[in-house]
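First the structure, in the form of C-alpha cells, and then the observations on it.
The values are calculated or read from the model by the stated rules, or taken from the named source; none is laboratory data. The structure displayed is predicted, hence computed values, not measured ones. Ideal geometry is used to build each Cβ from the backbone, glycine not excepted, and the neighbour counts take in all protein chains shown.
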Amino acid sequence: MSRIVMALFGSGLALSSVTGYAQQSVVWDVNSPSTIIAGSGCQKDVDAFASTNGNDLAIVFTRLGVDLPGGGSPVLADRKNCTVRVPATVAPGIYIGQLTQRISYGVTKTSGATGSVATRSTFFGNDVSPHSINLPYGYAVNEPLRVASRVDNFSVRTTPTWYSSWCSRSRAPRGLYQANFAVSGQKRSSREDLIMFVDGLDLKYEVVASLVRCQL
C-alpha cells in the first residue's frame, strides 16, 4: 500500500526570533465541537483520527485514497476528499512568520494512469498557497517515497489593528487551521494500475524555533 504524508511546519522571520520560549506555544483543540474531519474519504474518529503531542498536530487517515489496480474493477476513475478544521490558540505576544508545506508520498501507477494530490488551506485566516502534486500520463511510477515542499512567508505588519489581533501580551490569539484535501486518479483501461492510498497525514506545526516575538 502506498503512503502519502503531508507536514506543515512553522519557521520564524524577521523581528526577534523566539528561543527558549514556553514549550506549549500552540494548543490544538482536537476535542472541540468545532473540530471537523469529514468527507468522502474520511470521518472523524472512524477512519480519521486527530491527536496532539506538544505543539504538534497529527491526523491519520486510513481510507483517504485511490485504489484502481489492474485486472480488477472496470471502474477507471476515483476521487476522495477530506475537509479538516481544527481550532488553535497561540501564546500571547508571538506570531507566525512562515509556513512550509511538505508532502511525502508514495505511488504505484502504470504509464496509462494519472493521479494527483491537492491541498488548499488557511491558518488563522491567512491563505496558505495551494499545494498540488500531479502524476501525468506517459510514464510509470513505482516509488515508496517522494517529497515535495513549498514555503509561504507572512508579511510583518505594524498597523495597530494587526498588533491588537496578533500581538496582545494579555490575550492569546485563537483561530482555525482549515484545509481541503483531495486525492484523485484515472486510467485509460482496466489493465492499468493506479494505487494512491493516504495511510497517514501528519500536520506538524513546530513552533519552538519558529515563532516570532512581537516588538510592541
> Pairs, please: C-beta under 6 Å, at least 6 apart or cross-chain, first residue among the hydroxyl-bearing types (Ser, Thr, Tyr) and in the range 60-82, second outside any strand (DSSP E or B)?
Replying inline: Thr62/Asp47
> In this structure, does Ser121 turn out to be part of a strand (DSSP E or B), small (Gly, Ala, Ser), free of Cβ contacts under 8 Å to residues at least 40 places away in the same chain and within 24 Å of Pro87 (Cα to Cα)?
Replying inline: no
> What strands (runs of 3 or more DSSP E), lying completely within the range 158-212, carry at least 3 residues that are of a type outside the set (Gly, Ala, Ser) and at pLDDT below 85?
Replying inline: 194-198, 201-203
> Here is a list of conditions, (1) surrounded by fewer than 18 Cβ atoms within 10 Å (Cβ to Cβ); (2) assigned to a strand (DSSP E or B), and Thr114 meets all of them except one; can you say which number that is?
Replying inline: (1)
>> Can you name every one of the strands (runs of 3 or more DSSP E) wholly within the range 38-109 that holds 2 or more residues which are modelled with pLDDT of 90 or more and within 22 Å of Leu176 (Cα to Cα)?
In response: 77-90
>> Take Pro144 and tell me if it is at pLDDT 75 or above, assigned to a strand (DSSP E or B), more than 22 Å from Leu176 (Cα to Cα) and not hydrophobic (A, V, I, L, M, F, W, C).
In response: yes
> Which residue pairs have Cβ atoms under 9 Å apart, sit 6 or more places apart or on different chains, and have a first residue in the range 37-56 that is under 23 Å from Val90 (Cβ atoms) and a second that is part of a strand (DSSP E or B) and among the charged types (D, E, K, R)?
Replying inline: Ile37/Lys44; Ile37/Arg85; Ala50/Lys44; Asp56/Asp202
>> When you check Ser25 against the structure, is it closer than 18 Å to Ile103 by Cβ, surrounded by 18 or more Cβ atoms within 10 Å (Cβ to Cβ), modelled with pLDDT under 90 and not acidic (Asp, Glu), yes or no?
In response: no
